[in-house]
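First comes the structure, then the notes that go with it.
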Amino acid sequence: MQKKAIVVKIGGSTLGNRDTTLEDLVELQKQGKSLVVVHGGAKVTSEWLARLSIPTSFVDGLRVTDAETLKVVAAALGGLVNKELVVAIQALGGKAVGLSGCDGNLLWASVKSPEMGYVGEIVAVDPTPLKLLLNAGYMPVVAPISFGSVEGRVTLLNVNGDTAAGEIAAALAAEKLIFLTDVDGIHDGSERAVQKLNLAGAKDMIASGIAFGGMIPKIEASLRALTTSKVVRIIDGRVAHALRDDITGQARQIVKSGGTTIVSE
Ligand SMILES: Nc1ncnc2c1ncn2[C@@H]1O[C@H](COP(=O)(O)OP(=O)(O)OP(=O)(O)O)[C@@H](O)[C@H]1O
Ligand SMILES: [Mg+2]
């Protein structure tokens with residue numbers, strides 16, 4: 001039987017901060033862990049949109065994506081960010097292959113709502129390419145660009161990295177989904193990170209407005225992942241070795257203090 005995968009979403013908000021995440025990924029791979037990386041890259045994408053004088057806006061954490069924005073999103077995420085990550089992992093001695101949701105039919109999507117433009121909502125996941133790479137000892141590094149049919153024409157679609165990570169974790173029945181981001185978990189009304197949430201508690205965070213913007217797709221993705229996965233963690237990617245400690249710490253039954261854990265019970 002294939003080993004259960006751990007899906008790691010790397011937030012664009014922490015990428016480039018010289019954090020230790022890539023070192024941790026390589027170390028964990030060498031220990032024999034099956035890792036699937038899904039990355040964001042909102043910051044890099046926004047920088048390129050600004051250079052090209054294309055105005056941009058977000059609704060509930062998702063980028064409104066017209067035809068011109070879509071081209072820049074695909075180039076930034078599927079190109080620059082994805083390749084820089086793969087090269088950096090390889091430079092550290094890891095084995096990685098970059099791909100996007102378009103490759104090998106990985107993520108098939110449809111338009112989420114017409115007002116959002118080319119923003120995709122995932123309708124089907126084919127995890128075959130990920131399984132092939134994992135079996136061959138590679139770490140797939142996934143850019144969350146997908147594809148789908150819009151008015152009878154197949155086109156690229158812009159999918160949020162969290163959404164892609166949640167769907168991939170669900171399709172792989174992953175052991176765990178970990179979001180590395182630029183906050184220390186889901187904050188409650190008093191700005192403290194909540195240690196543990198169940199499904200109802202997580203939904204409440206959105207309904208009450210306590211979770212907003214970029215936290216909304218993370219919680220929604222967690223709910224998707226928990227249909228087959230046991231646990232989701234939202235942790236601070238800015239903390240040195242946060243990823244390694246989260247994965248190996250749990251194996252050693254160490255009680256973790258940081259971050260938010262979401263479980264399905
Ligand atoms: N209740 C909450 N607790 C913590 N953070 C919250 C909450 N509600 C909203 N947020 C916001 O969510 C942000 C994290 O999501 P964001 O989309 O900005 O980063 P990311 O997903 O890690 O990166 P990327 O989108 O580039 O992949 C935090 O910086 C914070 O501003
Ligand atoms: Mg985000």
The stretch 1-131 - convex hull of the alpha-carbon atoms, volume per residue in Å³: 118 Å³
Where the stretch 1-144 is the region considered: accessible area per residue in Å², 1.4 Å probe: 46 Å²
Taking the C-alpha atoms of the stretch 63-107, convex hull volume expressed per residue in Å³: 76 Å³
Extension gain (nm, one decimal) between LYS230 and GLN31, 0.36 nm per residue minus Cα-Cα: 69.5 nm
Karplus (6.51, -1.76, 1.60) ³J(HN,Hα), θ = phi - 60°, over the stretch 163-170, in Hz, Gly and Pro reported as x: 4, 4, 4, x, 5, 5, 4, 5
Globularity index of the chain, i.e. its alpha-carbon radius of gyration over 2.2 N^0.38 Å: 0.94
Inter-site label distance for LYS4 and LEU199 at 7 Å from Cα along Cβ, in nm: 1.7 nm
Rounded to whole Hz, the Karplus (6.51, -1.76, 1.60) HN-Hα couplings of the stretch 62-67, x for glycine and proline: 10, 7, 5, 10, 8, 4
Whole-Hz couplings from phi, Karplus 6.51/-1.76/1.60, listed for the stretch 74-87; x for Gly and Pro: 5, 5, 6, 6, x, x, 3, 5, 4, 5, 4, 5, 4, 5
Fraction of accessible area attributable to carbon and sulfur, the stretch 157-265 (%, probe 1.4 Å): 51 percent
Normalised contact order of the chain, rounded percent, pairs of Cα under 8 Å and 6 or more residues apart: 24 percent
Of the GluC sites (Glu not before Pro) in the stretch 111-191, those whose Cβ has at most 12 other Cβ within 10 Å and which sit in DSSP loop: GLU151, GLU191
Accessible area per residue in Å² at 1.4 Å probe, computed on the stretch 145-244: 42 Å²
Reciprocal mean inverse distance between Cα atoms of the stretch 85-205 - Kirkwood radius, Å: 16.3 Å
Net lengthening on full extension, ARG51/ILE206 (0.36 nm per residue, minus Cα-Cα): 52.5 nm
Diffusion constant of the stretch 32-101 at 25 °C, which comes from Stokes-Einstein with the Kirkwood Cα-pair radius and 0.890 mPa s, µm²/s: 183 µm²/s
Solvent-accessible area, 1.4 Å probe, carbon plus sulfur percent, for the stretch 1-143: 57 percent
Among GLN90, VAL73, ILE216 the positive-end extreme of the charge dipole of the chain (Cβ point charges): GLN90
Extension gain (nm, one decimal) between ALA173 and VAL123, 0.36 nm per residue minus Cα-Cα: 16.3 nm
For the stretch 156-206, Kirkwood radius (reciprocal of mean inverse C-alpha pair distance, Å): 12.9 Å
Estimated FRET transfer efficiency (VAL154, PHE58; beta-carbon r; R0 25 Å; 0.05): 0.45
Ratio of Rg to Rh over the stretch 136-265 (Cα coordinates, Kirkwood Rh, two decimals): 1.00
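The values are calculated or read from the model by the stated rules, or taken from the named source; none is laboratory data. All of these numbers come straight from a predicted model, not from anything done at the bench. Neighbour counts are summed over all protein chains in view; Cβ atoms, including those assigned to glycine, are modelled from backbone coordinates with ideal geometry. These accessible areas exclude ligands, DNA and RNA; they are computed on the full protein's heavy atoms, side chains included. Shrake-Rupley method; radii C 1.70, N 1.55, O 1.52, S 1.80 Å.
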